[in-house]
Amino acid sequence: MKLYELTIHEAHDLLKSRQISSTELTRAVLDHIEKKDDKIGAYLSVFEENAMIQAREADQMIARNEIQPLTGIPLSIKDLICTKGLPTTCASKILEKFIPPYDATVMTKLKNAGAVTVGKTNMDEFAMGSSTENSRMHITRNPWDITRIPGGSSGGSAASVAADMCIGSLGSDTGGSIRQPASHCSVVGMKPTYGRVSRYGLVAFASSLDQIGPITKDVTDCALLMNVISGYDPQDSTSVPKDVPDFQKSLEEGLKGLKIGLPKEYYITEGLDPDVSAAIDNAVNTMKDLGAEFVEVSLPHTKYAVAVYYVIAPCEASSNLARYDGVRYGFRDKDPKDLLQMYRSTKSKGFGPEVQRRIIIGTYALSAGYYDAYYGKASQVRTLMIEDFKSAFQKCDVLLSPVTPSPAFTIGEKTDDPLNMYLSDIFTLSANLAGVPGISIPCGFSKNNLPIGLQLMGSHFNEEMLIKVAYNFEQATMFHKKKPTL
């Protein structure tokens, strides 16, 4: 096995026993990026010099026997997480030259753990998209089929993990932006409970929905990253002061007596691809063989999820993105006639079409006379959806569903049909609206050898249960071992 193919826990064991060094591991990953990323386009920035400095520092920590599970491990970071002294662009022209003066809390935690940052990954501009086609920089391609999308908005992170161009990654999830690309790229992606991981230093899209989470090669690595990035942060007003369990302890075998709920609304969706349906059915049978019991549950307000999300998220985006006015930082149009023209032309040239579309939707929905009819009503329905999940978890321990209605579609296939694009997140939006945790794990392949993911959702702050179920399924199957041929 080549060094860049290692998982986090495999690399940790080799580093701890001094069989390899972080310098060797990081060099192998950087060389692999140089060879392969021209084809994939997963990265926006690669920090070769900085990464090698961090690797040498990690080797010094290891020599002092100060090794932690992430010490010396090369990671990629989605390019909307602030990195002090290094570009954070959100894949947008408006922040093309922005260098943050501070680190996001998750970056501080990674640095304290001795992790190595090899680069920042491509994404849909300001995390608004499901395909990474909305990046203002370039398109990212799926390592399994470069004519297809890798998912979004964390498409670069998922592609970098799937193509072994890092050992693990951090993404963000506002409506499925970790789980959906994880499904399309056959890797593991977790959206933690809202408030479990600090959002300080995460460039905001929709503040009540955004959450940072890990994208990894297997479930064990997911647990390791969750251990490091989770925890209360007084700098984030939405962070919850709750003790963080050792997620590694959830990596135990046995599902006997566990109840898994199948939301009936998720299995009557029109347009569910036959290959996805078959893969989910096989996954259910596998879990039955492992001792799990299945019950039917109902999430009756699921049918409103897409409509509710595409009111709440654009409204919050409209407020959050108002700061990009060309006055304090970021892009400014150089030839305005007056202040109003400067505002207008800066935003028109700085933001791409999808971001502009969502800002316009959100601004309209928040305007006088429409607030109660749109944002207010959507918030009420969201409360009903939260109650749906609470009721469902009284009957079961976790919920199981598809991640996406179909495998990865071809680049350009849905570009001119925004509504069709939005519907690709139909299975993932509800977890963000309810604030519950969700995880995507590989569960099969289509007839065209395209990855298919399985989604598990848990009750608030019960990531342990998701990791346990996901780990057992992973150990009983070999989907996570299969690699794309680049």
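Some observations on this one:
- Criterion: closer than 30 Å to T88 by Cβ and assigned to a loop (DSSP other than H, G, I, E, B) - qualifying residue of R332, R358, R382: R332
- The single condition among (1) outside the structural domain of S186 (by TED's automatic domain parsing); (2) modelled with pLDDT of 95 or more; (3) of a type outside the set (F, W, Y); (4) under 21 Å from G435 (Cβ atoms) that E265 does not satisfy is (2).
- Test: E387 is assigned to a helix (DSSP H, G or I) and of a type in the set (D, E): yes
Here is a yes/no grid of residues against (1) in contact with a helix residue (DSSP H, G or I) (Cβ under 6 Å, 6 or more places away or on another chain); (2) under 25 Å from I99 (Cβ atoms); (3) touching a residue at least 12 places away in the same chain (Cβ under 8 Å):
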{"position": "M190", "(1), (2), (3)": "yes, no, yes"}
{"position": "G195", "(1), (2), (3)": "no, no, yes"}
{"position": "L202", "(1), (2), (3)": "no, yes, yes"}
{"position": "I212", "(1), (2), (3)": "yes, yes, yes"}
{"position": "V219", "(1), (2), (3)": "yes, no, yes"}
{"position": "L225", "(1), (2), (3)": "no, no, yes"}
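- Scanning the range 234-257 for residues that are charged (D, E, K, R), more than 20 Å from the chain's Cα centre (by Cα) and assigned to a loop (DSSP other than H, G, I, E, B) turns up K242, D243, D246, E252, E253, K256.
- Against the conditions (1) touching a residue at least 24 places away in the same chain (Cβ under 8 Å); (2) closer than 30 Å to V381 by Cα, D289 satisfies every one except (2).
- Among the residues making up the range 98-113, those that are in a loop (DSSP other than H, G, I, E, B) and touching a residue at least 60 places away in the same chain (Cβ under 8 Å) are F98, P100, Y102, D103, A104, A113.
- Filtered residue count, the range 10-40, keeping only those that are surrounded by 19 or more Cβ atoms within 10 Å (Cβ to Cβ), touching a residue at least 60 places away in the same chain (Cβ under 8 Å) and not hydroxyl-bearing (S, T, Y): 9
- In the set (1) surrounded by fewer than 24 Cβ atoms within 10 Å (Cβ to Cβ); (2) β-branched (V, I, T); (3) within 21 Å of L450 (Cα to Cα), the condition left unmet by T140 is number (1).
- Qualifying residue in the range 64-86 (condition: assigned to a helix (DSSP H, G or I), outside the structural domain of Y329 (by TED's automatic domain parsing), acidic (D, E) and over 19 Å from A204 (Cβ atoms)): no
- Verdict on D59 being under 21 Å from T216 (Cα atoms) and not hydrophobic (A, V, I, L, M, F, W, C): no
- Filtered residue count, the range 444-477, keeping only those that are at positive phi and either in contact with an Asp or Glu (Cβ under 7 Å, 6 or more places away or on another chain) or of a type in the set (G, A, S) (or both): 1
- Among the residues making up the range 130-145, those that are part of a loop (DSSP other than H, G, I, E, B) and either in the same structural domain as R358 (by TED's automatic domain parsing) or under 19 Å from V161 (Cβ atoms) (or both) are S130, S131, T132, S135, H138, I139, T140, R141, P143, W144.
The values are calculated or read from the model by the stated rules, or taken from the named source; none is laboratory data. Bear in mind that the values here come from a model prediction, so they are computed numbers and not experimental data. Every residue, glycine among them, receives a Cβ derived from its backbone with ideal geometry; neighbour counts consider all protein chains shown.
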